[in-house]
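Down below is the structure, laid out as structure tokens.
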Amino acid sequence: MARFVLASSSVNRKEILERAGIEFTVIVSNADESNGPKAPDALVKELSRRKLEAVLPKCESDDLVIAADTVVYIDGEILGKPKDLTDANRFMHLLSGHVHTVFTGVCMAYHGERVSFSQETKVKFYPLTESEIAAYVQSGEPMGKAGGYGIQGPAALFVESIEGDYNNIFGLPAAHVMQEAKKLLKADKI
């Protein structure tokens, strides 16, 4: 049986796999996550590929390696992780009362075979008051999170609707990942 390796330091991605009952090992990639002018789906696929490439040399031949990257996209702008509280404040103002799209790119490898895909989920925020935004930003919660929020935390109260895979917003479209893993492993069950 293949060992699953998650090429990520993301607590969210670890939690998704743990909740799904998947046993895995974490190897942090430390890959370059700088981005250039790309469409969001292409960007997350490229960043997940970089993470995969950084981790593969550290893996065994029978490992199934999973790498992922997530961004938020709104009005032609890609929102990664906020650089500071001012950036987080700007993100929250952009998201307030609007629909945005969460893109997660996944790159997987097993025995020399690779698969890469991106998944998108649309999220609509309720309009937020200035005091809600200020309190949220000052809490430090937006830091380290794509788009400046985590759907599983206090920002859950901002969400009016979701169209698509919830886990994708959390950082890993687990059901899609497992379908691709079954194809790579050529197995009926994992």
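For region 1-19, a tally of residues being in contact (Cβ under 8 Å) with a residue 12 or more places away in the chain and part of a loop (DSSP other than H, G, I, E, B) returns 5. Residue pairs whose Cβ atoms lie under 6 Å apart, sitting 6 or more positions apart in sequence or on different chains, and linking a residue in region 169-190 that is exposed (fewer than 15 other Cβ atoms within 10 Å of the Cβ) and hydroxyl-bearing (S, T, Y) to a partner that is at pLDDT 95 or above and in a helix (DSSP H, G or I), do not occur here.
Residue-level check: of (1) of a type in the set (S, T, Y); (2) out of contact with any Cys (no Cβ under 7 Å at 6 or more places or on another chain); (3) within 24 Å of V11 (Cβ to Cβ), Y110 misses just (3).
For (1) surrounded by 11 or more Cβ atoms within 10 Å (Cβ to Cβ); (2) of a type in the set (S, T, N, Q); (3) in a loop (DSSP other than H, G, I, E, B), each residue gets a yes or a no:
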{"residue": "G21", "(1), (2), (3)": "no, no, yes"}
{"residue": "T25", "(1), (2), (3)": "yes, yes, no"}
{"residue": "S34", "(1), (2), (3)": "no, yes, yes"}
{"residue": "A42", "(1), (2), (3)": "yes, no, no"}
{"residue": "K51", "(1), (2), (3)": "yes, no, no"}
{"residue": "L56", "(1), (2), (3)": "yes, no, no"}
{"residue": "E60", "(1), (2), (3)": "no, no, yes"}
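Every residue, every condition in (1) in contact with a Leu (Cβ under 9 Å, 6 or more places away or on another chain); (2) hydrophobic (A, V, I, L, M, F, W, C), yes or no:
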residue: V72; (1), (2): yes, yes
residue: E77; (1), (2): yes, no
residue: G97; (1), (2): yes, no
residue: P127; (1), (2): no, no
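Just checking, does region 159-166 include any residue being acidic (D, E), within 19 Å of S96 (Cα to Cα) and not in a helix (DSSP H, G or I)? Checked region 159-166: at least one residue is acidic (D, E), within 19 Å of S96 (Cα to Cα) and not in a helix (DSSP H, G or I). Would you check if A88 is in contact with a Leu (Cβ under 8 Å, 6 or more places away or on another chain) and surrounded by 23 or more Cβ atoms within 10 Å (Cβ to Cβ)? For A88, the condition - in contact with a Leu (Cβ under 8 Å, 6 or more places away or on another chain) and surrounded by 23 or more Cβ atoms within 10 Å (Cβ to Cβ) - is not met.
Just to be sure before I move on: is V55 closer than 21 Å to P173 by Cα, touching a helix residue (DSSP H, G or I) at 6+ places or on another chain (Cβ under 9 Å), touching a residue at least 24 places away in the same chain (Cβ under 8 Å) and among the hydrophobic types (A, V, I, L, M, F, W, C) in the structure I sent? It is false that V55 is closer than 21 Å to P173 by Cα, touching a helix residue (DSSP H, G or I) at 6+ places or on another chain (Cβ under 9 Å), touching a residue at least 24 places away in the same chain (Cβ under 8 Å) and among the hydrophobic types (A, V, I, L, M, F, W, C).
Filtered by the rule that a residue be in a helix (DSSP H, G or I), within 20 Å of V72 (Cβ to Cβ) and small (G, A, S), region 167-180 gives a lone residue, A174.
The values are calculated or read from the model by the stated rules, or taken from the named source; none is laboratory data. From a predicted model like this one, the values you see are computed outputs, not experimental measurements. Heads up, the Cβs are rebuilt from the backbone with ideal geometry, glycines too, and the neighbour counts pull from every protein chain shown.
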